Amino acid sequence: MRVLYVSKALRVAAYRSKLRDLSEHVDLHAVMPNRWSLQEPEPDGAFPVERRRTFLHGHNHLHLYRQPDEPVHEFRPDLVHIDEEPYSAVTAQYVRVCRRRRLPCLFFAWQNIDKRLPVPFGALRRFVFHRAHGAIAGTAAAAEVLHAAGWRGPLAVIPQFGVDPERFRPDEEARAALRARIGARETDWVVGFGGRLVREKGLFVLLEAVAGQDRVRTVVIGDGPMRETFCARAVQPDLKNRTSHLGEVASLDMPGTLAGLDILVLPSLSTASWKEQFGRILVEAMACGVPVIGSDSGEIPNVIGDAGVIVPENDAAALRDAILALCRDDARRRELGECGRARVLAKFTGKRIATETAAFYEEVLACVR
């Protein structure tokens with residue numbers, strides 16, 4: 001089976017490991033935009049990805065490829081996997097190309113809140129629903145939204161990308177290296193946060209929870225529009241000299257950073273238009289044997305399962321209690337770390353996701369033969 005895989009997410013180097021795993025099942029050719037706000041270099045041994053010119057590069061749901069027919073004509077796939085939401089312009093673009101060429105195609109969806117889409121996205125989704133041959137939802141909640149919106153075709157629930165457990169793994173040396181980098185004492189507990197610096201990721205709930213806790217060192221990974229607000233808060237007396245901002249960390253450097261933590265916290269906050277769609281950093285930390293604490297926003301409880309601690313969202317007192325309880329219990333941290341890695345190996349590895357994806361390709365092709 002020959003599969004053309006179209007995805008802007010491949011700009012993140014670590015995500016390309018999925019293609020290597022998927023290529024063990026199908027003859028694969030991957031395409032991504034040649035320009036984006038974040039575009040990591042090709043890692044050693046990565047599956048090759050063709051970079052194509054786009055219009056409106058950097059716009060998640062509005063970008064389009066300048067010559068979308070070319071890779072289809074050159075590669076002559078049996079199926080096209082459009083790794084984009086059904087309401088994205090690029091999804092409609094490639095669905096249209098496939099329709100002209102009588103090629104089966106499928107799309108991917110993370111959207112986990114059933115809501116009315118503004119113009120033109122509702123019309124784009126209807127166009128895609130009437131012409132695509134299959135859909136992959138990243139979570140069961142996303143599958144429910146697709147059904148509520150009218151999708152009636154073949155549907156599989158498979159996360160977008162898995163974790164490479166050889167890269168994301170426990171590493172005792174990383175713990176000492178991270179402590180040296182942030183100037184933490186051996187007796188300190190290092191609590192990490194990773195994600196965009198936006199209010200809905202809950203960073204300021206975490207800062208309130210750890211404020212005034214002398215032995216807790218907080219490491220923040222990521223950047224975003226609230227960076228200045230965060231930096232101003234981090235120098236207040238109850239956090240000063242106990243909060244470190246590492247900024248954006250390249251995806252291939254994330255394993256060494258996460259493995260150095262004592263705890264990873266993702267305290268996301270739901271809004272009227274968004275709730276946590278997955279929380280990839282959770283499974284990356286779990287693969288590193290790091291215990292995790294998450295809020296009950298969106299998909300977080302389903303990702304963590306019984307391999308971590310869940311607290312009510314926007315409850316700084318409950319989060320503080322959970323952090324301190326876990327910090328003070330070495331045995332419980334080890335237990336949850338081991339449970340987390342076992343859960344990733346069972347459910348969230350790239351090889352497992354590639355196997356499930358290839359099986360769904362076969363199902364879609366069987367439906368159109």
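The values are calculated or read from the model by the stated rules, or taken from the named source; none is laboratory data. Bear in mind the structure is a predicted one, so any value in this text is a computation, not a measurement. Positions of Cβ are backbone-derived with ideal geometry, glycine not excepted, and every protein chain shown enters the neighbour counts. Ligands, DNA and RNA are excluded from the accessible area calculation, which covers all protein heavy atoms including side chains. Shrake-Rupley method; radii C 1.70, N 1.55, O 1.52, S 1.80 Å.
Taking a straight line from the alpha carbon of residue 8, these lysines sit under 27 Å away, with near neighbours fewer than eight places off in the same chain left out: 18, 115, 201, 275, 347, 351. 3J(HN,Hα) couplings calculated from phi for the range 181-190 with the Karplus curve 6.51 cos²θ - 1.76 cosθ + 1.60 (θ = phi - 60°) are, in sequence order, 5, 9, x, 7, 7, 4, 7, 6, 9, 9 Hz; Gly and Pro show x. Backbone phi angles across the range 268-278, fed through the Karplus curve with coefficients 6.51, -1.76 and 1.60 (θ = phi - 60°), yield HN-Hα couplings of 4, 10, 6, 10, 5, 10, 8, 8, 3, 8, 7 Hz in residue order; Gly and Pro are listed as x. Within the listed set 148, 342, 322, the residue fluctuating most in the Gaussian network model of the chain (springs between alpha-carbon atoms under 10 angstrom) is 148. Computed on the chain, with alpha-carbon pairs under 8 angstrom and 6+ residues apart, the relative contact order is 15 percent. Using only Cα coordinates, the Kirkwood hydrodynamic radius of the chain works out to 21.5 Å. Placing one equal scatterer on every Cα of the range 224-369 and applying the Debye formula, the log10 ratio I(q)/I(0) at q = 0.10, 0.13, 0.19 Å⁻¹ is -0.43, -0.70, -1.30. Select from the range 110-184 those trypsin sites (Lys or Arg not before Pro) which occupy a DSSP coil region and have at most 15 other Cβ atoms within 10 Å, ordered by residue number. Those that pass, being in a loop and sparsely packed, are 115, 116, 131, 152. Going by accessible surface with a 1.4 Å probe and the largest first, 244, 23 read 23, 244. Based on protein heavy atoms only, the chain ends up with 43 Å² per residue of surface accessible to a 1.4 Å probe. Across the range 1-91, C-alpha contacts under 8 Å between residues 6 or more apart give a mean separation that, scaled by the residue count, equals a relative contact order of 35 percent. Taken along its principal axes, the alpha carbon cloud of the range 1-157 reaches lengths of 42, 33, 29 Å, longest axis first.
P(r) tail, the range 291-369: Cα-Cα pairs separated by more than 20 Å, 49% of all pairs.
Its convex hull of Cα atoms gives the range 129-248 a direction-averaged projected area, equal to a quarter of the hull surface, of 10.6 nm².
In the range 153-209 the Cα-Cα distances spread across 5 Å bins starting at 0 as 4, 12, 13, 14, 18, 18, 9, 4, 3, 2, 1, 0 percent of all pairs.
How large a share of the accessible area of the chain, in percent, is made up of carbon and sulfur atoms when the probe is 1.4 Å and the other protein chains stay in place? The nonpolar share, carbon plus sulfur, comes to 48 percent. Of 150, 289, 260, the residue with the greatest mean-square motion in the GNM of the chain, using alpha carbon springs below 10 Å, is 150.
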